[in-house]
Structure formats: structure tokens, C-alpha cells
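See structure below.
Just so it is clear, none of the values below were taken in a lab; they were calculated from the coordinates. Source: prediction; values computed, not measured. All Cβ positions, glycine included, derive from the backbone under ideal geometry; neighbour counts span all protein chains shown.
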Amino acid sequence: MPHKGCPYDCVFCNQKRITGQIKETTPDDVTEIIERHLSTLPENADIEAAFFGGSFTGIPIAEQSALMERVAPYINDGRIDGIRLSTRPDYISDEILENLKRYGVTTIELGVQSMDEDVLRASNRGHSAEQVRKACEMIHSYDFRLGVQQMTGLPLDTDEKSVETAHELIALNPSCVRIYPTLTIKDTALKTLYENGSYIPQTVDEAVRLCAKLVLTYEESGVDVIRVGLQPTEEINDHASVVAGPFHPAFGELVESEIYYGIITSHKIDGDIEIHVDPREISKVCGNRRRNIERLKKEYGVNAFVKGDSNLKKREVRLIAVKTT
Ligand code: SF4
């Protein structure tokens, strides 16, 4: 739902480009999209209909109802379990939340981006951190699942402010979070700031290091990190609309590998090692193009061999010294 319901103009946003779609979504589209996708999903899967890409609760309430009404038959016959949507913190009110409840909305994701007032202002977000706190409280009071979205590398942002934002958001008790590094996209105010030298984007390495820290911070507090990186669309993946910033088609994988590198190197390493991990995590532990294995060789002068061990869980790492004869 690109730009639907949104009169704002955040410096980084050209929603129409990000969502890779320009046409308005109608109730008929909702039915068509659901029908097209339902048959491709396994039975018994947990299935949600999701309204993303704009500020759903910013559109007139009758239009919200008309769109959600198309999901109702699928919720009633059990083929869809609920609705999830994304919106802005200042588009939350009792009237809106009561209506969402009526139509079976289960999860509300708030585009927060930062809890630092200077960063919010410089990004032209048009809402305050206090409005975020209030919206989260209201969402909980109606018993919705709360999701939050955080961005890194916004104008006037720093690593410290991003970590502080994560702590402030954790205190608001979300179930899940998405983390997006800021990309400079064509036809945005950020592109102008970048071109006149007043905005310096994060590099891929800087964004990866910071996002690794944020993911661990959220995970340690029991918040489910459901995405790190930009929503993949054809347009973003072919790099056509990205002018600058930490673009990488496998950004989430880079972050995972960085997390494992940190865990591995928190152990004492003084010779060749076997790294035992959950078998499902092996590729993340090795890293994109075996980046972690090469780094261990370069930074610690050791050979590393990654082995699967199904007794170990995600993030558990056991290092065993390789015996030399
Ligand atoms: S509120 Fe959301 S849709 Fe509106 S301009 Fe900002 S990022 Fe884009």
C-alpha cells in the first residue's frame, strides 16, 4: 500500500519505489492477492494477511474497513489466522484500535525508526518519541501484539543513539522488531542531503557491525528479530534505485555472520580450531564466501573447521582445539 494514508515526507522515503508497486491497492486487489497466495502455502501453516508499505491507519476508517472486510471470510473459515499491518505512532486512537479489533487484526507494527528527538526531527518524521510511548501503551491495552521497526544510519544518528533506541523500545515490550539500515534512494530528500555533503551514509561494514549489536540486544531481551535489511523487491535488489548507503543483497546474512564471529572470538583462540554449532547455522558461521574462516586466518593466524552438532542451539558455539601430531 505505497504511501497510502501518508501525507508525511520522511527524508529517506519514497514508498512507491520501496514497495516496487505504484498502483493503489483496492478491496478487489486484496481478494485477488489472498486467492493467488493461499494455494501456494502449506495447510496448517500460521497465515496472516498483511497490509504493509504505508500507514494503514492513516487512511479513512471506512476505507480501512472495506479492505479488511475482504479478509474477514478467510478468517471466519479458518484459512487465515489474523491480520497484521504497519502504521505510524501518531495514527493510533481508541476509535482506530476498536475498529482493527473488530476485523481480526492481531499484530500492529509501528514505524518508530528512532527514539532520539533530534534524529526524528532531522528525518522529518513528524512525530515524537513520546507519541511512540503512548501508542505502544494503547496497543497493549487493546491486547494486540506489538511490532516495532527501527532504522540505523539516519541523519544525526550515531551507534550510541541506535543502541539507546533499542533499549527504549525493549522497555515498551514489543513481541517483534524489524531493523532497516537507511539507504539513500532516488527521488528522496535524503538523496539531496547526500549529494550536497550534509548526510554521510553508513558503509556496509558499519551497518553490519551496528545491526549485529542491535540484534543481540533485542534477542537477549526476548524480542523476536523478524527482519534485518530492506524488504527485497525486484527494484531494490537490482540496485537501480539505490544511490548510496549500506546496500547488500544478503545483508541479513552478513549480520548473522558478524554475530557468530563475535561469539567465536569471545573464546580464547590459540591454535587451529573446530567450531561446533547447530547444523542449521553452519553457513552463517562460515560467513558469506567463507568470510569468517578467512578472517580467523588473517586476524588470529588459525585454521578453522565448522562442524554441525544437533545438541547445540542457535547462538551456541563450542570450540575444540585441533590436536596436532
Ligand atoms: S511515514 Fe512511512 S510512508 Fe510516510 S513518508 Fe514516512 S516512511 Fe514514508
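If you rank Leu85, Leu312 by fewest surrounding Cβ atoms within 10 Å, what's the result? Please list the in-between numbers first.
On the way: Leu85 26, Leu312 15.
Result, fewest neighbours first: Leu312, Leu85.
Note on the chain: Cα Rg divided by 2.2 N^0.38 Å, N the number of residues, gives 1.09.
Which of Ile139, Ile59, Ile108 ends up with the largest GNM mean-square fluctuation for the chain, with Cα atoms connected below 10 Å? Maximum fluctuation in the GNM of the chain, among the listed residues, is at Ile59.
Per the Kirkwood formula applied to alpha carbons, segment 18-172 shows a radius of gyration over Rh ratio, Rg over Rh, of 1.00.
For Ser175 and Val322, a Förster radius of 41 Å and the Cβ-Cβ distance give a FRET efficiency of 0.45, rounded to the nearest 0.05. Between Ser310 and Asp81, the FRET efficiency from the beta-carbon distance, with R0 = 41 Å, is close to 0.85. The aspartates and glutamates within cross-link reach of Lys161, meaning a Cα-to-Cα straight distance under 19 Å and a gap of 8 or more places when in the same chain, are Asp116, Glu117, Asp118, Glu130, Asp205, Glu206, Glu219, Glu220. Counting only residues at least eight positions apart within a chain, or on another chain, the lysines with an alpha carbon under 21 Å from that of Lys186 are Lys4, Lys16, Lys23. The residues Phe144, Phe52, Phe12, when put in order of fewest to most other Cβ atoms within 10 Å, stand as Phe52, Phe144, Phe12. Residue exposure proxy: Val208, Val322, Val225, ordered by other Cβ atoms within 10 angstrom of their Cβ from fewest to most, comes out as Val322, Val225, Val208.
For the chain, a crude dipole built from +1 on the beta carbon of Lys and Arg and -1 on the beta carbon of Asp and Glu, taken about the Cα centre, is about 900 debye to the nearest 20. The stretch between Ser221 and Ser65 holds 52.7 nm of extra length on full extension. This uses 0.36 nm per residue minus the Cα-Cα distance. When cysteine pairs in the chain are screened for C-beta atoms closer than 4.7 angstrom, the residues that find no partner are Cys6, Cys136, Cys176, Cys211, Cys286.
Can you list the lysines whose alpha carbon sits under 25 Å from that of Lys297, skipping same-chain ones fewer than 8 residues off? By straight Cα distance, Lys297 reaches Lys213, Lys268, Lys284, Lys307, Lys314, Lys323.
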